[in-house]
Every structure is written in C-alpha cells, then in structure tokens.
Amino acid sequence: METKVENNVATNKRGFTWSDPILALIIMAGLVMWILSLQGNPGTNSLNDFAPWGIYIALFIFFEAIAAGTMVIAAIMNFIKVDVLSQKRLLLVGLVSALCAGLAIIADLGSPFVAWRLFFTPVVSAPMILDVWFVSLIIISGIVLWWALSKDKAQVAKGSSIVLIVSSLLLPLATSWLFTSLPGKLAWTGTIEFAVFLLQAGLAGVCVFYLLQKNNDSFKEISRNLVIFFITINLLLLLGQIGSTLYASGTSTLSDLALISGTYKFVFWGQLLVCLVLPLALFLTRKTMLVASYLVLGGIAVSKYLFIAKGNHMPFLQNVEGIDIPMLLSGNAGYKTLALYAPVWQECIIVLAIASLFALSIGIGIRMFIKN
C-alpha cells in the first residue's frame, strides 16, 4: 500500500514525473539553438575545415555504443526465452539510442533538409553511408521485434532478432572503418579502434542491462559479471595504448601523447580512474553498483569526446611540405598541431537537449508502455 502511494506521488496517472517539464525545457532550448545554427549565425559551432567533426559526432558514437550493446542483448534474450518485459526495456533503450544517434548526425550535417541525400543519393563508397544504413536497419528490426513480442509471433521475432544481432555488431565496426580510412588523420589510423568500438558497445549494453534489472537477481548477477569482464578488458587495452605511446616515437603517437601527458591529460586520467578503476572496485566489492554503472556510461561518453578531440589535434595534410595552413601551432616534438577544438556553449546546449530527449523518452516509455 505504501509503495502504491509513493508511486502516485512521484508519477501521475499519465506516467509523468516532476523531472519531465525540466527535461522538456532543455529540449526546447536546444531546439532554439539548433534553429539559430540553421540560420547561419556565426559562433554557433567551432568547427572548421581542419576540425570538421566535433561534439555532435562524439554524441553519435556514444549513442551508437548504447544502441548496439543493448540491441544485441535484447535479441539474444529472444533465443533463451526470458522475461519479455526485460527484453522490451532493452529494446526501448536501444531504439531511443539509435534515434538520438540519428539526431546527432542531423545536427552535425547542419540541416535536416540534406539528410534525404543519405538515403536517395548515397555515395556507396563513403564509409559514412554504412552508419546510416545500419542505424536505420537497427531501428526497423527493433520495431519489428517489439511488434513480434507484443503479438506473440515467434518466427518473426526469431528472424528480426538475427537481423538485429548482425546489424548491431556491424554498426560499431562500420564507424571504426569510417575513422580509420580517413586520409591524413593520424590520430584515427590505429587498428585498435576496431576492438575499442566493439568493446565499449558491449560495456554500454551490459551496464544498461544491469540498470534495468529490478527484481531479477539472476540477471543482476549475470550482468554484474559481464560488466566486470568488459571493464577489465577495457583497462587492459588502455594500458596497452599507454605503453605503446610512451615507448614509441614519431608522429603516429603524438595525438595519444596529447591525451596521456598533454592538454587532455587530466580528463584522460580522471576518466580512467573515476569511470573504470573505481567502478571495477565497486562491482567487485558489490557496493553502490548502480552508481558504478552510471559512472561507466559517463566514462564512455567522455572517452568518445576524447577520441574526437584527439583526431582534431592534428589536421589534414599537416606533414606536406610547402603547405601553409593557418591556425597551426608548434606542438609536441616540433610538429605542427591544430589549435584545440572546444565546443561552444550553443553546441553544448544542443547536445544536452538530445541527451534530455533520451532520458525523457526512456522514462515515459517505460512508465507508459512497459508495465512492471
């Protein structure tokens, strides 16, 4: 009886809470900033020819990781005949994440009116088109799986689950192909990015899986063990990256050196200690694991931003003789590096608005469409 009263205080009959108006206001503020940017107002972003991608793309690859990780788990759950409500919660998070990833791409394109070209006049040889196709395929197959679960269509659910698993695994791979194939961007040429993108998608998925568990102790234990496994592998990869950066020489490691001991060092080491080492200790000792899960997800978001920032640290054609590129500064070991990219406040509001849309959609979706 007490629980029912508490629920009525926190949530009204339509499934809304006190935080929903705040999130809605943030979304409206982001919409206003986006409209101003569409009008060509100067200063609404800090991108340029040498730093073409920024915080919008970082947001895209963050939501991409959540979408890919949660969708794979949701699809696998279809084959082990588990609680449909748990499966639907994961599907909801995956679908909203994929949609928010799409919004981040549209924000980066500058106008929604050019997005149609990605579907109707695509450049098939461009790696970015793979991201568009796989995100679209995840959304479509996720909706079909949701419908099949609701209507008890076992064969349709099985087929859509297979499509969902394949497309969700290929999405982070396609994004890593995109970055590593760009000419002149030394920071993104390492093949380790293939493993990192897949690993972070798995880590994001299992953290969300843990957060969505309420009364299923067996699922909580499974997800806890998976989180420990993925964090450990992530830490080992980071240690390998740090070691190779400290002992290697030449231009190929300058961008990583900027993360470890340069401009971004406090963010890099803070993310490693607070969002990986500390959560690992909390999960191992079974203390405040909910907080630890949010820390891990926040750490993935920070690492995605660092990934984009280090790519902008060294511009295209920076080693070509006779090319005089403005805005270049003397950097590590005498090589020229780009003045560091930093998002302006308008970009940050738009990013915060998309994140608020994610939180608002998940909250309302679970309260209104997925009964406990």
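Structural remarks
- Flag for residue 341 being within 18 Å of residue 188 (Cα to Cα) and either modelled with pLDDT under 80 or out of contact with any helix residue (DSSP H, G or I) (no Cβ under 8 Å at 6 or more places or on another chain) (or both): yes
- Count of region 89-132 residues, restricted to those that are modelled with pLDDT of 90 or more and open to solvent by 30 Å² or more (accessible area, probe 1.4 Å), is 2.
- Selection within region 35-65 - modelled with pLDDT of 80 or more and either among the acidic types (Asp, Glu) or open to solvent by 50 Å² or more (accessible area, probe 1.4 Å) (or both): 35, 36, 64
- Residues satisfying the stated conditions in region 270-281, i.e. surrounded by 19 or more Cβ atoms within 10 Å (Cβ to Cβ) and either more than 16 Å from residue 202 (Cβ to Cβ) or without any contact (Cβ under 8 Å) to a residue 40 or more places away in the chain (or both): 271, 272, 275
- Test: residue in region 254-264 that is polar (S, T, N, Q), more than 22 Å from residue 180 (Cα to Cα) and open to solvent by 20 Å² or more (accessible area, probe 1.4 Å): yes
- Taking first residues from region 283-311 that are in contact (Cβ under 8 Å) with a residue 60 or more places away in the chain and partners that are part of a helix (DSSP H, G or I) and β-branched (Val, Ile, Thr), the Cβ contacts under 6 Å between residues at least 6 apart in sequence or on separate chains come to 304/61; 308/57.
- Taking (1) surrounded by 18 or more Cβ atoms within 10 Å (Cβ to Cβ); (2) without any contact (Cβ under 8 Å) to a residue 60 or more places away in the chain in turn, residue 135 satisfies each apart from (2).
- The residue of region 288-316 that is modelled with the highest pLDDT, among those that are over 18 Å from the mean Cα position of the chain (by Cα) and buried (at least 22 other Cβ atoms within 10 Å of the Cβ), is 312.
- Failed item in (1) open to solvent by less than 20 Å² (accessible area, probe 1.4 Å); (2) modelled with pLDDT under 90, with residue 75 passing the rest: (2)
- Region 181-214: number of residues that are of a type outside the set (A, V, I, L, M), at negative phi and at pLDDT below 80: 8
- Scanning region 207-266 for residues that are more than 22 Å from residue 288 (Cβ to Cβ), of a type outside the set (Gly, Ala, Ser) and not in a loop (DSSP other than H, G, I, E, B) yields a total of 19.
The values are calculated or read from the model by the stated rules, or taken from the named source; none is laboratory data. It should be emphasised that the depicted structure is a prediction, and the values quoted were computed from it without experimental measurement. Because the Cβ atoms are built from the backbone with ideal geometry, glycine has one as well, and the counts that use them run over all protein chains shown. To get the accessible areas, we keep the full protein, side chains included, count just its heavy atoms, and leave off ligands, DNA and RNA. Shrake-Rupley method; radii C 1.70, N 1.55, O 1.52, S 1.80 Å.
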